[in-house]
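The structure appears below as structure tokens.
The values are calculated or read from the model by the stated rules, or taken from the named source; none is laboratory data. Quick caveat, the model's predicted, so the values are computed rather than measured. With ideal geometry, Cβ positions are generated from the backbone for all residues, glycine too; neighbour counts draw on all protein chains shown. Just so you know, the surface numbers come from the protein's heavy atoms only, side chains and all, with ligands and any DNA or RNA stripped out. Shrake-Rupley method; radii C 1.70, N 1.55, O 1.52, S 1.80 Å.
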Amino acid sequence: MQAYDDIFKRRSESGGSIEVICGSMFSGKTEELMRRLKRARIARLSVGIFSPKADTRYSDSELVSHNANSIPAMPVSKASAILAPGSQVQVVGIDEAQFFDDELPDICNALANSGVRVIVAGLDMDFKGQPFGPMPALMAMAESVTKLHAVCVICGNPALYSYRLINNDGQILLGEKESYEPRCRICYHLPQQEHQH
Ligand code: ZN
């Protein structure tokens, strides 16, 4: 991670960029986003943080993560409400990006083109293992993509899937430990009767 920070610190002096932090649930995406944003603040850069209004698990105004660290975030209902290019903000953090509409990649591109360092965190796959919302387009457009892994609760290997524990077929189901668990490729595809543990 250190190497990325150094690369983008140099780049940010001449222009903007897009960094994507992706992975399954419980992989530490929000923690990594906050780590980068805190470093930007230490560097005296002006930071704006945004999250989708749909994600109201804990709070309307805090960027939340599973370890209860939080920094203030602005909930917005659509990607175009994030920030106008040309504002004074130098670093924009976006959490739970998978919940945003398909305009988000273009918004992030416009921000980066106007000199803003954009750091986006989100689920790369939904519980069915399919690319989630605007994430694949963002990953394609980004200067850097960091894929984090959780730990498979069945076998302890790195986990890339968010396995849904309850029977609900909708793509969006907010919740944490009671609704999802991280699993590796093998354990994600275990037959149903072996799912119980
Ligand atoms: Zn496993």
Condition check: modelled with pLDDT under 95, within 21 Å of Ile107 (Cα to Cα) and part of a helix (DSSP H, G or I). Does Arg11 satisfy that? yes
Could you name every one of the strands (runs of 3 or more DSSP E) located completely within the range 135-185 that has at least 1 residues being within 16 Å of the ligand (Cβ to nearest atom)? 161-164, 180-183
Considering only the range 170-187, how many residues are open to solvent by 30 Å² or more (accessible area, probe 1.4 Å) and at pLDDT below 80? 6
Return the pair list, or none, for Cβ contacts closer than 7 Å from residues in the range 89-108 that are touching a residue at least 60 places away in the same chain (Cβ under 8 Å) and more than 17 Å from Gly48 (Cβ to Cβ) to residues that are among the acidic types (Asp, Glu) and assigned to a loop (DSSP other than H, G, I, E, B), at least 6 apart or on different chains. Phe99/Asp55
